1. Using the Karplus curve 6.51 cos²θ - 1.76 cosθ + 1.60 with θ = phi - 60°, work out ³J(HN,Hα) for each residue of region 135-141 in order, rounded to whole Hz, and write x for Gly and Pro.
2. Under a 5 Å amide H to amide H cut-off, with H placed in plane at 1.01 Å, what residues pair with residue 71 once short-range neighbours are removed?
3. Treating the beta-carbon of each Lys and Arg as +1 and of each Asp and Glu as -1, no other charges, what is the dipole magnitude of region 20-140 about its Cα centre, to the nearest 20 debye?
4. Give me the log10 of I(q) over I(0) for region 20-140 at q = 0.18, 0.23 Å⁻¹, as the Debye formula computes it from C-alpha points; what are the numbers?
5. What full-extension length gain, to one decimal in nm, is calculated for residue 61 and residue 26 as 0.36 nm per residue of separation minus the Cα-Cα distance?
6. For the residues 28, 62, what sequence is obtained by ranking on other C-beta atoms within 10 Å, fewest first?
7. Dipole magnitude of region 46-88 about its Cα centre, charges +1 at Lys/Arg Cβ and -1 at Asp/Glu Cβ only, in debye to the nearest 20?
8. Within the set of other residues whose C-beta is less than 9 Å from the C-beta of residue 78, count the net charge using Lys and Arg as +1 and Asp and Glu as -1.
Amino acid sequence: MENPPPAHLSCQQSTPVDLSKQGEVTRLSFTEHGCAAETVFGDTMMDNHLYDWRYRDGLLELHFRFNCNCCSAFRDSVNIQGSIIDITLSDTSSAHCYCTCPFQDSFTFTVDNTDRVQVILYLKAYPDYHLKKLVDTELEL
């Protein structure tokens, strides 16, 4: 008796795209909108998140909201590798108030040769100044 031919399995596996080797992203601007509304410690605060983004004609606008000490002042650092945008906001203020604020900051980038980007936002702030990841998301443009 002859063995039947092996069954042909057809699976489509999606290979993860290495965004670090794809696309060209350039930082254009950073805008610190400041504190949206002061609250006392213990009040309910909003979540840290990317609350809005737009992509049109090669320009990507990112708008973030995050909670921080209301006396904070920020320095930004952006590291771009392919189409991965890694943003760190560091609190440079030495004043520490007994209040928190929902801050809003915006970034603008040019984006070429890719249909998706990964956006990561870190915050380094009072009271412990440890690097804390607030946002890690992939956007389809």
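Since every read-out is calculated from the coordinates, none of them should be taken as a lab result. Treat the numbers as computed from the prediction; the structure is a model and nothing was measured. Every residue, glycine as well, gets a Cβ built from its backbone with ideal geometry; the counts of neighbours run over all protein chains shown.
1. Working through the residues one at a time gives 9, 8, 9, 10, 10, 8, 8 Hz.
2. Here the answer is 97, since their amide H atoms fall under 5 Å of that of residue 71.
3. So the magnitude is around 220 debye.
4. Rounded to two decimals, the profile gives -0.90, -1.33.
5. 11.4 nm
6. By the 10 Å Cβ count, ascending, the order reads 28, 62.
7. It comes to approximately 60 debye.
8. Overall, the nearby charge balance is -1.
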